[in-house]
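**Q** Sharing a structure here in structure tokens format.
The values are calculated or read from the model by the stated rules, or taken from the named source; none is laboratory data. Source: prediction; values computed, not measured. Glycine also receives a Cβ, built like all others from the backbone with ideal geometry; neighbour counts cover every protein chain displayed.
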Amino acid sequence: MTLDLQQAQADMRRAYYGGATGMVASSIAWFAAGCVALRGLADTAVWTLLIAGLFIFPASVLLSKLVGRSGAHAKGNPLGMLAGATTFWLVFSLPLAYAASRLHVEWFFPAMLLVIGGRYLTFDTLYGERLYWPCGLALAAAGFALGRVFMTPSIAAFTGGAIEAGFAIAIALREQRAARLVTA
């Protein structure tokens with residue numbers, strides 16, 4: 001089965017609730033790291049985000065199923081390859097963010113904001129959802145600004161969580177509205 005771009009995007013939106021469930025899972029990881037950083041454990045907060053990040057996709061699948069979506073795109077969907085490629089790009093960027101944290105622990109979360117912000121720019125293509133551009137740019141701008149002033153790890157982590165949570169809500173509301181239009 002070959003899908004055209006719009007069909008492939010619609011399939012991704014249906015399966016993963018427009019990507020909102022992944023953003024919710026990611027924001028929880030950011031908030032967990034922020035809470036650890038508040039306790040004065042910056043290095044542990046770094047590992048909290050890295051380890052919690054391993055569970056973002058499985059958590060997003062579970063959340064997708066909880067909201068009535070499949071949590072799996074169609075087998076022939078070519079955008080599945082793009083999703084995989086951006087995941088590899090993210091994983092390959094982790095050593096750079098970690099190396100930055102060895103110089104200044106305050107740089108880890110801003111570096112991750114830049115990496116994840118860049119990744120979200122591809123999600124416009126993945127989901128056909130324009131909100132991923134302002135989301136990616138907001139994360140990247142926050143990363144740049146917070147890194148420049150050596151912001152505390154807790155504030156940087158909470159900033160990432162808040163930005164992702166806000167956009168997750170906006171995308172979820174669009175998904176709800178789209179679902180109502182289909183059933184109307």
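**Q** Please work out which residue is farthest from the chain's Cα centre (by Cα), limiting yourself to segment 61-96 and to residues that are closer than 17 Å to residue 9 by Cβ and of a type in the set (S, T, N, Q).
**A** 77
**Q** Could you tell me how many of the residues in segment 78-93 are buried (at least 17 other Cβ atoms within 10 Å of the Cβ) and over 30 Å from residue 110 (Cβ atoms)?
**A** Adding up the residues that qualify gives 1.
**Q** Would a scan of segment 131-146 turn up a residue that is more than 28 Å from residue 12 (Cβ to Cβ) and surrounded by 18 or more Cβ atoms within 10 Å (Cβ to Cβ)?
**A** Yes; the residues of segment 131-146 include at least one that is more than 28 Å from residue 12 (Cβ to Cβ) and surrounded by 18 or more Cβ atoms within 10 Å (Cβ to Cβ).
**Q** Mind counting the residues in segment 100-130 that are buried (at least 19 other Cβ atoms within 10 Å of the Cβ) and acidic (Asp, Glu)?
**A** So the answer is 2.
**Q** I've got another one for you. Which condition from (1) surrounded by fewer than 17 Cβ atoms within 10 Å (Cβ to Cβ); (2) free of Cβ contacts under 8 Å to residues at least 24 places away in the same chain; (3) among the hydrophobic types (A, V, I, L, M, F, W, C) is the one that residue 97 breaks?
**A** Among (1) surrounded by fewer than 17 Cβ atoms within 10 Å (Cβ to Cβ); (2) free of Cβ contacts under 8 Å to residues at least 24 places away in the same chain; (3) among the hydrophobic types (A, V, I, L, M, F, W, C), the lone unmet condition for residue 97 is (1).
**Q** With respect to residue 151, determine if the residue is among the aliphatic types (A, V, I, L, M) and buried (at least 21 other Cβ atoms within 10 Å of the Cβ).
**A** In short, no.
**Q** Based on this model, can you work out whether residue 8 counts as small (Gly, Ala, Ser), crowded, with 20+ Cβ neighbours inside 10 Å and over 15 Å from the mean Cα position of the chain (by Cα)? Steps first, please.
**A** Working: small (Gly, Ala, Ser): yes; crowded, with 20+ Cβ neighbours inside 10 Å: yes; over 15 Å from the mean Cα position of the chain (by Cα): yes.
Against the criterion (small (Gly, Ala, Ser), crowded, with 20+ Cβ neighbours inside 10 Å and over 15 Å from the mean Cα position of the chain (by Cα)), residue 8 qualifies.
**Q** With (1) touching a Gly at 6+ places or on another chain (Cβ under 8 Å); (2) surrounded by fewer than 20 Cβ atoms within 10 Å (Cβ to Cβ); (3) modelled with pLDDT under 95 as the list, and residue 13 as the residue in question, which single condition is left unmet?
**A** Going through the list (1) touching a Gly at 6+ places or on another chain (Cβ under 8 Å); (2) surrounded by fewer than 20 Cβ atoms within 10 Å (Cβ to Cβ); (3) modelled with pLDDT under 95, residue 13 breaks only (2).
**Q** Please specify each residue of segment 32-57 satisfying the condition of being within 13 Å of the chain's Cα centre (by Cα), in a helix (DSSP H, G or I) and under 26 Å from residue 70 (Cα atoms).
**A** Of everything in segment 32-57, those that are within 13 Å of the chain's Cα centre (by Cα), in a helix (DSSP H, G or I) and under 26 Å from residue 70 (Cα atoms) turn out to be 52, 53, 56, 57.
**Q** Would you point out the residue of segment 22-56, among those that are of a type in the set (S, T, N, Q) and free of Cβ contacts under 8 Å to residues at least 60 places away in the same chain, that is surrounded by the fewest Cβ atoms within 10 Å (Cβ to Cβ)?
**A** This residue is 44.
**Q** Same structure again: Testing residue 75 on (1) assigned to a loop (DSSP other than H, G, I, E, B); (2) basic (Lys, Arg); (3) surrounded by 20 or more Cβ atoms within 10 Å (Cβ to Cβ), one condition comes back false. Which one is that?
**A** (3)
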